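The values are calculated or read from the model by the stated rules, or taken from the named source; none is laboratory data. Values in this document were obtained by computation on a predicted structure and should not be read as measured data. No Cβ is skipped: glycine too gets one built from the backbone with ideal geometry, and neighbour counts run over all protein chains shown. With ligands, DNA and RNA removed, areas are computed over all heavy atoms of the protein, side chains included. Shrake-Rupley method; radii C 1.70, N 1.55, O 1.52, S 1.80 Å.
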Amino acid sequence: MLNDREVLSTLSMIKNENLDVRTVTLGISLLDCASHDLSRFTDTIYKRITTLARDLVTVCDEVGDRYGIPVVNKRISVSPIAVAAAPFDSRGMVEVAKTLDQAAKDVNVDFIGGFGALVEKGMAKGDLALIDAIPEALDVTHRMCSSINVATTRAGINMDAVALMGRTIKAAAARTADRDGLGCAKLVVFANIPEDVPFMAGAYLGIGEASSVINVGVSGPGVVKKAIDRALQDNPGAHLGELADVIKRTAYKVTRVGEIIGREVARILAVEFGIVDLSLAPTPNVGDSVGEIFQSLGLGAIGVPGSTAALAMLNDAVKKGGAFASSRVGGLSGAFIPVSEDLNIAAAASAGHLCLEKLEAMTAVCSVGLDMVALPGDTTAETLSAIIADEMAIGMINKKTTACRLIPVPGKKAGDRVHFGGLLGEAEIMSVRSNGVSAGFINRGGGIPAPLQALIN
């Protein structure tokens with residue numbers, strides 16, 4: 001239980017330290033909408049989404065106002081479209097994407113996720129059609145996001161899918177070249193994707209989930225930084241174990257806030273409450289940065305020696321605090337290090353403290369992966385696939401979720417700046433060493449077998 005002092009500190013987090021409910025995401029199953037008739041299918045899913053999500057934004061705003069806790073984003077996740085829309089070709093998939101986007105617009109949510117496929121072991125007809133549709137679908141929609149799972153610890157890495165996604169990312173960048181490849185910012189490639197992620201672009205409603213469910217994503221990197229700063233002000237000699245405990249206690253309070261909001265929204269909407277995803281998700285605003293936490297811990301910048309150890313401690317403490325606060329912790333729940341979405345991380349990359357290779361090393365101990373990384377426009381599809389394969393291997397071997405959201409910016413080179421706007425932020429384009437020399441490996445195709453740790457039955 002929280003004592004009076006901790007209640008007051010939670011109120012201070014909301015007022016002064018950028019604590020918010022980053023997203024309330026309504027998961028909606030579309031599996032029983034299946035039809036061989038495209039018009040019937042799109043009409044049915046539009047009606048399903050707009051009916052269930054009709055009051056989502058209003059309810060979130062009312063609950064947020066009642067508790068004094070802002071709900072920043074209201075989002076929808078749906079069943080994997082490659083499954084729900086399996087009978088259709090790529091042209092049909094584009095029409096489905098337009099329908100999802102229109103439904104999201106009509107209920108006034110920020111994003112809708114679930115235009116995705118689970119292809120870690122192979123690709124069926126619907127999977128191939130959906131992946132083929134991704135570049136056009138991301139070009140002609142505004143609120144729709146896509147995710148493709150290409151690896152799991154149990155199945156290994158589908159290298160054919162990895163190679164295909166490299167080409168798909170290049171095509172999506174070309175289709176949105178007038179917007180600096182913005183389509184790629186709404187496309188993520190996963191290993192071990194959870195079924196209950198509330199954060200975009202990876203959100204979808206898993207096959208094993210309820211027909212409708214509320215999942216909540218709570219953020220608070222600014223809260224964690226301020227808690228560390230206060231602890232060091234009171235005790236300048238505090239060691240890392242003591243600071244880990246500060247992070248853990250802070251994560252506990254943040255998680256409780258998220259669960260209160262999520263359960264109340266679910267009650268009013270008469271749907272099930274799912275999980276709280278306690279992820280330190282930054283924004284491009286001062287005081288809301290994961291990178292600043294590293295400086296509070298004593299590092300000159302994120303990316304310098306010691307950064308991986310600091311991130312491991314941070315991620316572990318966040319998970320422990322969240323797990324103690326709620327039996328419904330899920331999703332990703334840890335620390336995000338998206339380059340363009342965090343002012344401090346973007347600055348560290350620009351200053352040369354953080355390179356692509358160091359970023360990849362750090363993803364071995366955080367909750368996402370290579371996230372919102374802007375790359376030169378001439379990065380080859382095979383090189384993109386090789387970067388994805390490396391990241392998928394980290395997830396597969398370590399039995400953890402990881403992902404890639406890579407943006408090869410057409411017409412730009414390393415050192416140029418790119419502006420995506422809004423929560424997507426801006427960043428300097430990172431250099432890619434040895435571009436174009438991985439094609440032989442990627443073009444072999446096939447799959448990388450599951451590791452020994454997959455044999456747990």
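Solvent exposure of Tyr67, expressed as accessible area, is near 100 Å², computed with a probe of 1.4 Å over the protein chains only. Sorting 167-177, 90-100 by average packing, meaning the other beta carbons within 10 Å per residue, from highest down gives 167-177, 90-100.
About its Cα centre, the dipole of the range 120-160 is roughly 220 debye, where the only charges are +1 on Lys and Arg Cβ and -1 on Asp and Glu Cβ.
Match the structure shown to one of the listed values (1) 32, 28, 19; (2) 37, 32, 19; (3) 36, 25, 22 of semi-axes √(5λ) of the Cα gyration tensor in Å, computed from it, and give that label. This structure yields the entry labelled (1). With contacts taken as Cα pairs under 8 Å at a separation of at least 6 residues, the chain carries a relative contact order of 17 percent.
Can you tell me the relative contact order of the range 151-230? Whole percent, Cα pairs under 8 Å, sequence separation 6 or more.
18
For the chain, adding -39500 (n - 2.57) for each run of n ≥ 4 DSSP H residues and dividing by the number of residues yields -14000 deg cm²/dmol at 222 nm. How much accessible surface area, in Å² rounded to 10, belongs to the heavy atoms of Val365 with a 1.4 Å probe? Rounded to the nearest 10, that gives 40 Å². Measuring r between the beta carbons of Asp245 and Arg267 and using R0 = 41 Å, the FRET efficiency lands at 0.75.
Here's how it looks for Gly114: its modeled amide H is under 5 Å from those of Val78, Cys145, Ser147, which are all 5 or more places away or on a different chain. With all protein chains in place and a 1.4 Å probe, the accessible surface of the range 112-261 carries 50 percent carbon and sulfur.
For Gln233 and Ala210, the difference between the fully extended length at 0.36 nm per residue and the C-alpha to C-alpha distance is 3.6 nm.
Relative to the Cα centre, the charge distribution of the range 25-97, modelled as +1 at Lys and Arg Cβ and -1 at Asp and Glu Cβ, gives a dipole magnitude of about 40 debye. With the simple model of a label 7 Å out from the Cα in the direction of the Cβ, His419 to Asp390 spans 3.1 nm. Other residues lying with their Cβ under 10 Å from the Cβ of Tyr204 contribute a combined charge of -3, Lys and Arg counting +1, Asp and Glu -1. Full extension of the chain between Asn443 and Asp32 yields a length gain of 144.2 nm, computed as 0.36 nm times the residue separation minus the alpha carbon distance. Across the protein chains, with a 1.4 Å probe defining accessible surface, the residues Ile76, Ile456, Ile268 rank Ile456, Ile268, Ile76 from largest area downward.
In sequence order, the range 438-452 has phi-based couplings of 10, 4, x, 5, 5, 6, 5, x, x, x, 8, x, 4, x, 4 Hz under the Karplus curve 6.51 cos²θ - 1.76 cosθ + 1.60, θ = phi - 60°, and Gly or Pro positions carry x. If you take the square roots of the eigenvalues of the alpha-carbon gyration tensor of the range 337-438 and sort them as a ≥ b ≥ c, do you get rounded (a/c under 1.5), prolate (a/b over b/c) or oblate? Judged from the Cα gyration tensor, the range 337-438 comes out oblate (a/c at least 1.5, b/c at or above a/b). Once both labels are positioned 7 Å from their Cα atoms along Cα-to-Cβ, the gap between Thr308 and Glu62 label points is 5.1 nm. Calculated over the range 57-213, the projected area of the Cα convex hull averaged across directions stands at 9.8 nm². Given +1 at the Cβ of Lys and Arg, -1 at the Cβ of Asp and Glu and no other charges, the dipole of the chain around its Cα centre is 340 debye to the nearest 20. Compactness of the range 243-297, taken as the C-alpha radius of gyration over 2.2 N^0.38 Å, stands at 1.43.
Annotation: per residue accessible area for the range 249-400 equals 31 Å², rounded to a whole number [probe 1.4 Å, protein chains only]. Only one residue of Thr380, Ala133, Leu30 has its Cα farthest out toward the positive end of the dipole of the chain, where Lys and Arg carry +1 and Asp and Glu -1 on Cβ, and that residue is Leu30.
Rg ratio for the range 54-118: its Cα radius of gyration over 2.2 N^0.38 Å, N being its residue count, equals 1.37.
Among the trypsin sites (Lys or Arg not before Pro) found in the range 356-457, those both in a DSSP coil and sparsely packed, with 15 or fewer other Cβ atoms within 10 Å of their Cβ, are Lys399, Lys413, Arg433, Arg444.
Expected output is a single nm value to one decimal: the length gained when fully extending between Glu357 and Lys105, i.e. 0.36 nm times separation in residues minus the C-alpha distance. What is it?
86.9 nm
Exposure check, 1.4 Å probe, all protein chains in place: Lys47 carries approximately 140 Å² of accessible surface.
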